[in-house]
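Accompanying notes for the structure given below.
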Amino acid sequence: MQVTGEPSFRESVDLMFNRAAKLMDMSPGLEQKIRVCNSTYTVRFGVRLRGKIETFTGYRSVHSEHMEPVKGGIRFALSVNQDEVEALAALMTYKCALVETPFGGSKGGLCIDPRAWDEHELEQITRRFAYELIKRDLIHPAQNVPAPDMGTGEREMAWIADQYARMNTTDINAKACVTGKPPHAGGIQGRVEATGRGVQYALREFFRHREDVSKARLLGGLDGKRVIVQGLGNVGYHAAKFLSEEDGCKIIAVIERDGALLDERGLNVEDVRQWMNGHEGLMAGYPDAKYVADGVAILEEPCDILIPAALEGVIHKDNAAQIKAPLIVEAANGPITFGADEILRQKGCVIIPDMYANAGGVTVSYFEWVKNLSHIRFGRMQRRAEEARSRLIVEELERLSADQNLGWTLAEGFKDKFLQGSDELALVRSGLDDTMRTAYQAMREVWHGREGVEDLRVAAYIVSIGRVAQTYRSKGL
Ligand code: NAD
């Protein structure tokens, strides 16, 4: 989405990059090499549908191949264009470096309204798009590994994986050509909710640092915080659900494409989502909350935390000054334009930047890719061994207590929990939590410790650019 009078999405990402690069000591040549997008492939293909040939336009952009494979989602939306795909590919480079997933940055998109086609038609279109990318190695386990993004999910990823396998019948690593697949088709537990879960872990880590919380003029922990979420799709729904059900946040408003729902007591996110599922994705008519048709205006309502989780450019020069949230978590990619970012910073608003906030998806995608390459489910080897070792300890404690007449009894539930070895989901959550904590700490070290760094976004760019530069240097560039 291009906002009038503002730089395009890709220019916005580049300008944000430049703010950070200015504070770094890099050779000008290297700075330029990292910033530019290496290549963008545009494809136009026809599919016979409803008695005639429909032509579609798709893109796959590779921003940086400092590490391979390159990684990045495939978006299905009418707004997809080259500028957007290149901006998103650049963000993938920085995101992967920040959370230490060993990938370069890429992104793909297909100009299509997915709701305009039925499932069978969508499968034909997706397979044909995948065919075009696969034959040019733009989908490949060792070179370019897509994932879901706006408008795509497990179903589309399963079609892509199957298309690749059909075209590469002897590739033993075929399943690793794409991530975000359903668990029965080579996916991993916890991937669907990974980005929303990552948003939750990011916020939990932020609230562990009192100094950072006070920079956002907030107090205490997440419990009771009033949250507004834009977009109740994959990312927004999971983030809102986990924050309200597990951390005590109150989701006081949800903004969707047809308006917003408001409830000061906190919305029941699951209920709202169920309603949308049964009403073609629309909120209007939901009985248990106030409905407002002008959803965008709700971004400006007072709250503690604003989570834009829909699309880019929604907070821009014209509405930034009216935003009241002291803390914004960019669950979507690029929801704040370069111009708005400046206005918000001057107001003292703390922004947890996209390349960190929504990195949970690529993190768990990385785990899925490793799982596919190792051909074994996480936890399969060690789970029962862990349980056996824990059982030894428990039995020894019980024996000691009985022998010595100590009368010890283990707290209710402790034994069951302690005796449970880690299954795949537990390991994925642990790996994601560790990644989000470690990456936040790397950012805040730069935020608080480096001269001239005013905000988390610049800190995130400095960490990422530094890591990409290091890789280039070790390659002799
Ligand atoms: P999605 O298609 O599942 O959900 C998007 C939601 O936003 C939908 O419910 C849609 O109705 C709503 N929406 C669309 N236009 C809107 C508007 N103008 N106002 C309000 N709501 C609107 O997409 P998603 O996968 O949740 O992705 C959302 C954002 O998160 C995108 O920016 C995407 O790049 C980013 N992201 C997604 C993932 C992932 O794993 N899916 C990972 C990282 C980043």
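No lab work stands behind these numbers, since they all come straight from the coordinates. In this text, all values refer to a predicted model and were calculated from it rather than measured experimentally. Using ideal geometry, Cβ is built from the backbone for each residue, glycine included, and neighbour counts are taken over all protein chains shown.
How would you order 84-97, 165-178 from highest to lowest mean count of nearby Cβ atoms within 10 Å?
So the order, starting with the most tightly packed, is 84-97, 165-178.
With r as the distance between the Cβ atoms of Ser430 and Arg389 and R0 = 25 Å, compute the FRET efficiency 1/(1 + (r/R0)^6) and round to 0.05.
0.90
Binned at 5 Å from 0, what are the whole-percent values of the Cα-Cα distance distribution for region 194-360, short to long?
Pairs per bin, as whole percents: 2, 10, 20, 24, 22, 15, 6, 2, 0.
State the extension gain, in nm to one decimal, for the chain segment bounded by Glu270 and Arg377, taking 0.36 nm per residue of separation less the distance between their alpha-carbons.
Stretched fully, the Glu270-Arg377 segment lengthens by 35.5 nm.
Viscosity 1.567 mPa s, temperature 4 °C: what is the translational diffusion coefficient of region 80-152 from Stokes-Einstein with a Kirkwood Rh over Cα pairs, rounded to a whole number of µm²/s?
96
Which entries of Lys135/Lys475; Lys33/Lys475; Lys95/Lys181 have Cα-Cα distances beyond 18 Å here?
Lys135/Lys475; Lys95/Lys181
Just for the chain, what percent of DSSP beta bridges are antiparallel, to the closest 5?
50
Average the reciprocal distances over every distinct pair of alpha-carbons in region 39-185, invert the result, and give the Kirkwood radius in Å.
Evaluated on region 39-185, it is 15.1 Å.
For a footprinting-style exposure proxy, rank His209, His120, His63 by other Cβ within 10 Å, fewest first.
His120, His209, His63
Output the antiparallel fraction of DSSP beta bridges having both residues in region 194-360, as a percent to the nearest 5.
Here the antiparallel bridges make up roughly 30 percent for region 194-360.
Just grab the label-to-label distance for Ile53 and Asp294, each label 7 Å out from Cα along the Cβ direction, in nm (one decimal).
4.8
Looking at the P(r) of the chain, how many percent of alpha-carbon pairs lie beyond 34 Å?
36
Looking at region 39-185 only, what percent of DSSP beta bridges run antiparallel? Nearest 5 please.
60
As I understand it, the dipole of region 373-450 uses +1 on the Cβ of Lys and Arg and -1 on the Cβ of Asp and Glu, about the Cα centre. Which of Ala385, Ser430, Ala442 lies farthest toward its positive end?
Final value for the positive-end residue is Ala442.
When ranked by the protection proxy of mean other Cβ atoms within 10 Å per residue, highest first, what sequence do the peptides 52-58, 244-250, 127-133, 395-401 form?
127-133, 244-250, 52-58, 395-401
What does the C-alpha gyration tensor say about the overall shape of region 32-112? Classify as rounded when a/c is under 1.5, otherwise prolate if a/b is larger than b/c, or oblate.
prolate
Considering only DSSP states other than H, G, I, E and B, which chymotrypsin sites (Phe, Trp or Tyr not before Pro) in region 395-444 qualify as loop sites with at most 11 other Cβ atoms within 10 Å?
Trp408
With the Cα gyration tensor of region 365-450 giving a ≥ b ≥ c as the square roots of its eigenvalues, does the rule (a/c under 1.5 for rounded; else a/b larger than b/c for prolate; else oblate) give rounded, prolate or oblate?
Judged from the Cα gyration tensor, region 365-450 comes out oblate (a/c at least 1.5, b/c at or above a/b).
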